[in-house]
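The values are calculated or read from the model by the stated rules, or taken from the named source; none is laboratory data. Owing to the predicted nature of the structure, the values given are computational and were not obtained by experimental measurement. So basically every Cβ, Gly included, is an ideal-geometry build from the backbone, and we count neighbours across all protein chains shown. Heads up: the accessible areas ignore ligands, DNA and RNA and are worked out on the full protein's heavy atoms, side chains in. Shrake-Rupley method; radii C 1.70, N 1.55, O 1.52, S 1.80 Å.
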Amino acid sequence: MNATTHSAAKTSTGLLSIVFVALIGATMLFVAGHAQSATLHDAAHDMRHATGFPCH
Amino acid sequence: MIQRLLAGGLIAGFAAGLFAALLHFAFIQELILLGEEYETGALVHFGGTGEAAEAAGHDHAEGEPAHDDGAAAEEGETSAATRNALTVLFTGLIYASYGLILVAGFALAEHFGRRVEARDGIFWGLAGFAALMLAPAMGLAPELPGSVAAELGARQAWWLGTVVATAGGLALLAFGRGFVPALIGGALLAGPHLIGAPHPEGFFGVAPPEVAGEYSARVLGVGFFAWAALGWLAARLWTRDA
């Protein structure tokens, strides 16, 4: 019983960490690649063109 | 767990991003600047030495003072340095985001009992390249400045849908068991291209198609090698820590 609970908790922490890291990655991707504030767009402009993101 | 994911993804990502930035300045930046000369009218496609270039490039109202060339040149140098520094920074950031998503993929595969070995890294990297650059580029070619494209929101939506569908399709083909997952995977790969990317009503870009073609090929080539480096490095860090 104890072992099962422990392993279930460990598994869900693992999944949570994975989702958390993926979300950080996706957020960074969105901010650097898609967000359209003028400052961000200008700063990231050349990278967006050079990485195939739709830019403007 | 989470430190291993964050550290591995960020280190591999920033390193691959620096490599990508190096390739960017070797292959891509000169074409961006060339495209911008057409975009601003400093150069004119079909124009030769024509008058259109003069008119577009020097669109001053009568009586407007001429440029102070010295100050302008100095300002140009500073802003070019800033611009290039920002490109290095953002290329590092975007590859760091790719790195985090890639190691999250490693962890997810291992969560479901598929160990990721160091030698698998290159395949993961190339799958990431296919999902995040190659598949979207088949509908929306990397844009040379001076090209025209459809409305931005629609392109971003198609881009995102294509990335998610391609990544999911490749994962099903790689890890699915049996016929049905393979079929769904194939459908996910094909779907975005059957729907079709948003395109403008007509093509009236001012940059020459020869430059735009070379530009797209170089962007994909640089992405290919940078993603290969990212996958290679990320998997090595991942298995070393295990």
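Overview of values
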quantity	calculated
Cα-projected label distance for B:M138 with B:E214, points at 7 Å along beta-carbon direction, nm	2.7 nm
Number of partner chain Cβ atoms within 10 Å, mean per residue of B:5-15	2
Average beta carbon contacts from partner chains per residue of B:84-90, 10 Å cutoff	5
For the stretch A:17-56, projected area of the alpha-carbon convex hull averaged over all directions, nm²	2.9 nm²
Residue-averaged beta-carbon neighbours from other chains (10 angstrom radius) around B:99-106	5
Two-site label geometry, B:F14 and B:A118: point separation in nm, points 7 Å out along Cα→Cβ	2.3 nm
Segment B:E30-B:A154, extension gain: residue separation times 0.36 nm, minus the distance between their alpha carbons	41.8 nm
Quotient of Cα Rg and 2.2 N^0.38 Å for the stretch B:114-173, N being how many residues it contains	1.36
Efficiency of FRET from Cβ geometry, B:F46 and B:L183, R₀ 41 Å, rounded to 0.05	0.25
Inter-site label distance for A:S37 and B:H111 at 7 Å from Cα along Cβ, in nm	3.0 nm
Debye intensity ratio in log₁₀ form over the Cα atoms of the stretch B:106-242, taken at each q of 0.11, 0.13, 0.15, 0.19 Å⁻¹	-0.50, -0.66, -0.83, -1.12
Area accessible to solvent at A:M28, 1.4 Å probe radius, in Å²	40 Å²
Mean Kyte hydropathy of -1.0 or more with a Cα span along the axis of at least 30 Å, helices from DSSP in chain B	B:2-23, B:69-111, B:152-175, B:209-241
